[in-house]
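Each reported figure results from applying straightforward, stated rules to the coordinates on display, with no laboratory input. Here the structure is a predicted model, which is why all the values come from computation and not from measurement. Every residue, glycine among them, receives a Cβ derived from its backbone with ideal geometry; neighbour counts consider all protein chains shown.
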Amino acid sequence: MRRLHFHPCGNYKESYADELALFGTDFGRVWAIVGVVLLFGAVPFISSPYILYVLNITGIAAIAALGLNILIGFTGQISLGHGAFFGVGAYAGAILATTCGLPFWVSVPGAGIITALVGMVFGAPSGRLKGLYLTIATLAGQFIIEYILVHWESLTKGTMGIMLPAASLFGLELNSDLRFFYVIFASLLAMTLVASNLMRTRYGRAFIAIRDNDRAAEGMGIPIFFYKLLSFAVSSFYAGLAGALWAYYMRSISTEPFTLGLSVEYIAMVIIGGLGSIPGSIFGAVFITGLNEGLRFVTDAMMNFPGLSGFGLNMASLREFAFGLAIVLFILLEPKGLAELWRIVRSTFRLWPFSY
Amino acid sequence: MEFFLQLLINGLSIGLLYGLSALGFVMIFKSSSVLNFAHGQLLAIGAFFFLVLVSWLQVPVALAFLITLAGSFVLGFTVERIFLRPLIGESLIFVIMLTVGLASMFKGLLLFFFGGNLQTYPDFLPAWLALQMGNIYVAPVYVASSLMGGIFLLLFGLFFKYSPQGIFMRSVADNQTAAMSLGVHVKKVFALSWAIASLVAAMSGIVLGIINGINVHEISSIGLKVFPVVILGGLDSIGGAIIGGIIIGLLETFTSGYISPSLRDVIPYIVLVVILLIKPYGLFGLVEIERV
């Protein structure tokens with residue numbers, strides 16, 4: 001144990017290795033290990049089935065949000081098509097599982113790779129376009145993918161949807177929320193590690209350089225088209241993986257959920273969590289899923305309450321309002337998102353009692 | 001041949017509506033470079049405001065129309081003042097997401113007050129506005145909307161060409177820094193352009209409402225159809241918006257008439273991608289050459 005101490009009050013880093021380290025101190029590493037042990041050892045056993053379900057969909061959303069944050073937060077390319085990529089992943093997973101009959105552990109990463117290829121196709125306009133033109137191109141991508149999912153009936157069965165076989169991993173049937181919890185959160189952990197480490201490599205550095213100034217990046221010898229495409233591919237891989245996990249978890253999929261609204265939800269996660277922050281993506285996923293479930297809970301409660309049921313019916317539309325309000329308030333009041341709030345809370349404790 | 005002509009007329013009239021809807025969008029983009037995802041909701045708010053005045057409060061149509069225009073002018077001004085002004089100079093993603101957030105706020109509120117059902121205005125257009133050419137029939141609403149579109153286009157042309165405010169707006173669109181150094185009040189111009197855009201949106205919303213009835217989801221989705229229209233016409237060209245709208249409208253009706261009705265909703269976006277790849281600044285947009 002070299003440096004098992006609290007966070008220092010200033011910036012005392014002496015080498016690039018220090019600067020690049022995943023954890024600033026061993027203290028942070030210990031906390032991370034404690035957190036992971038608690039997550040896998042305690043959380044699933046103390047939560048009710050409903051909470052477990054919410055945790056599972058949060059975990060899946062967090063994987064997709066991580067991918068989108070790599071694209072938007074780190075590479076600076078705004079994509080309005082992430083919901084459609086998630087759908088491509090779900091359908092790719094379902095088709096690999098049913099038509100091709102592949103096992104769970106092949107079809108999920110396979111779906112990720114297929115989605116990465118699709119993402120590269122729709123990321124290709126980034127070679128010529130940037131900024132808002134690229135955003136509009138991805139918007140078009142969203143609608144085109146939606147159309148293909150509905151109308152390529154020989155492959156996707158159109159609006160009928162696809163039923164998936166039960167997933168099994170290492171001979172173990174994944175038939176309960178609890179078992180899925182381990183699969184989902186193990187994937188989330190792995191994908192988080194991949195993302196944080198990616199940002200420490202030359203690829204991640206190139207992404208950040210492109211975000212900060214694409215012309216300067218090109219001038220310094222970074223082939224920006226290659227890295228933009230790579231960023232689209234990585235981000236879509238995350239979306240595809242999350243989509244395939246979602247398809248297996250839900251056991252039946254249809255084309256309905258993968259709309260522009262879903263894309264907007266993912267961008268909201270990334271913004272509310274914090275652009276360009278790996279933990280931020282997870283915070284954002286927790287916040288948005290929590291908000292959705294909380295609002296649904298309130299709406300349902302009002303529907304069942306005598307005298308308020310008519311009002312409760314109208315409340316359903318207020319969910320959309322609250323969702324928009326959350327986005328607007330975060331952008332106006334804390335554009336760096338929950339990650340920044342978390343940093344402020346932490347440094348308040350760290351600098352206590354001289355927190356100025 | 002008759003089928004073709006009917007499709008042509010339908011396409012032209014739908015296209016004109018798209019063009020009208022896109023006008024306000026272009027106006028905001030032209031002066032403040034904001035991509036407004038809440039434009040469909042602005043259309044819907046105008047349409048519902050008019051509905052409340054005409055059907056619920058029984059205000060005479062002409063007066064209601066004027067009140068709606070004034071109300072939406074104030075709305076646009078307020079939205080810019082409260083939500084957009086703090087974001088001047090912020091990066092693109094925040095501005096885009098702010099308008100996306102506004103869109104769902106507005107939509108939620110509209111659904112809360114009016115529900116998701118289809119509502120219609122009382123019939124107030126005189127029948128003599130209809131056109132009958134041989135076997136081709138043009139409904140009064142289309143004639144009225146063409147007239148209104150024409151009048152507004154003329155008014156805007158004059159406004160931008162001769163009035164001081166219009167010239168300020170053009171100067172800000174051209175070069176913000178230079179305009180500022182010459183004493184143009186840029187923030188005032190932003191506010192004004194939002195106000196005018198909202199006014200135009202309300203007008204288009206009313207026309208849409210007369211033709212298709214008013215439904216929150218329906219009108220909001222027009223707000224997204226605006227994107228292919230403005231990309232085709234050029235993001236910062238007002239005339240381009242109208243012509244882009246007509247081309248997209250024709251494309252939609254001919255696709256659904258001759259190829260497949262289900263392709264109708266996606267063909268504008270396919271065209272959008274193609275145009276972005278070969279001519280990103282559209283037919284009439286200002287070309288900013290940047291070589292990376």
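Could you tell me the calculated FRET efficiency between A:R346 and B:R85, based on Cβ-Cβ distance and R0 = 35 angstrom, to the nearest 0.05? That gives a FRET efficiency of 0.65. Tell me which of B:F37, B:L125, A:A94 sits at the most positive position along the dipole axis of the protein assembly as shown, charges placed on C-beta atoms (Lys, Arg +1; Asp, Glu -1). The listed residue farthest towards the positive side: B:F37.
Give the cross-link partners of B:K279 among the aspartates and glutamates, using a straight C-alpha distance below 16 Å as the criterion and excluding same-chain residues fewer than 8 apart. Reachable aspartates and glutamates: B:D236, B:E288, B:E290. Run the Debye formula on the Cα coordinates of the stretch B:136-292, all scatterers equal and no solvent, and tell me log10 I(q)/I(0) at q = 0.14, 0.20 1/Å. Treating every Cα as an identical point scatterer, log10 I(q)/I(0) equals -0.87, -1.45.
Summing Lys, Arg as +1 and Asp, Glu as -1, what charge do residues with Cβ under 11 Å from the Cβ of A:G161 carry, A:G161 excluded? Mind dumping the intermediate values first?
Working: positive: A:K157, A:R251; negative: A:E256.
My count for the surroundings of A:G161 gives +1.
A simple spin-label model places pseudo-atoms 7 Å from Cα toward Cβ; at B:V143 and A:S47 they are separated by 6.5 nm.
Report the per residue volume, in Å³, of the convex hull enclosing the C-alpha atoms of chain A. Before the final figure, lay out the partial values.
Working: hull volume 63.5 nm³, N = 356.
Value for chain A: 178 Å³ per residue.
Close amide H contacts of A:L169 (hydrogens built in the peptide plane, cut-off under 5 Å, sequence separation of 5 or more or a different chain): A:L174.
Listed from fewest to most Cβ neighbours within 10 Å, the set B:F159, B:F106, A:F86 follows the order B:F159, B:F106, A:F86.
Rounded to the nearest Hz, the phi-derived 3J(HN,Hα) couplings of the stretch A:105-112 under the Karplus curve 6.51 cos²θ - 1.76 cosθ + 1.60 (θ = phi - 60°) are 6, 8, 6, 5, x, x, 4, x, where x marks glycine and proline.
Each part gets one Cα centre, and for the stretch B:235-277 versus the stretch B:188-204 those centres are 25 Å apart. Summing charges over all other residues whose Cβ lies under 15 Å from the Cβ of B:R81, with Lys and Arg as +1 and Asp and Glu as -1, gives +2. Calculate log10 I(q)/I(0) of the protein assembly as shown for q = 0.06, 0.07 Å⁻¹, where I(q) comes from the Debye formula with a single equal point scatterer on each Cα and nothing for solvent. So the normalised log intensities work out to -0.36, -0.49.
Dipole check for the stretch A:208-356: with +1 at the C-beta of Lys and Arg, -1 at the C-beta of Asp and Glu, and the Cα centre as origin, the magnitude is about 340 Debye.
Sum up the charges of everything whose Cβ sits under 14 Å from the Cβ of B:L43, counting Lys and Arg as +1 and Asp and Glu as -1, but leave B:L43 out.
Numbers: positive: B:K107, B:K225; negative: B:E218.
Net of charged neighbours comes to +1.
Rounded to the nearest 20 debye, the dipole size of the protein assembly as shown about its Cα centre is 1220 debye, using +1 on the Cβ of Lys and Arg and -1 on the Cβ of Asp and Glu. Expressed in units of 2.2 N^0.38 Å, where N is the residue count, the Cα radius of gyration of the stretch B:2-278 is 1.00. Going by neighbour counts of Cβ atoms within 10 Å, the residues A:E173, A:E256, A:E265 line up, fewest first, as A:E173, A:E256, A:E265. Of A:K130/A:K157; A:K157/B:K107; A:K13/A:K228; B:K30/B:K225, which pairs sit farther than 28 Å apart, going by alpha carbon to alpha carbon? The pairs that break the limit, which is 28 Å between Cα atoms, are A:K130/A:K157; A:K157/B:K107; A:K13/A:K228.
Within 10 Å of each Cβ in peptide A:126-133, how many partner chain Cβ atoms are there on average? Round it to a whole number, please.
Values: counts 0, 2, 5, 3, 4, 5, 9, 6.
What the average comes to for A:126-133 is 4.
In the stretch B:2-278, taking the dipole from charged Cβ atoms about the Cα centre, the farthest positive-side position among B:N175, B:I247, B:G46 is held by B:N175.
Taking each residue in A:292-302, count the Cβ atoms of any other chain within 10 Å of its Cβ, then average. What number comes out? List each step's numbers first, then the result.
On the way: counts 0, 0, 0, 0, 0, 0, 0, 0, 0, 0, 0.
Across the residues of A:292-302, the mean count of other-chain Cβ atoms within 10 Å is 0.
Need the full-extension length gain, B:I259 to B:Y162, defined as separation in residues times 0.36 nm minus the C-alpha distance. One decimal, nm.
Working: separation 97, 0.36 × 97 = 34.92 nm, distance 4.60 nm.
30.3 nm is the gain from fully extending B:I259 to B:Y162.
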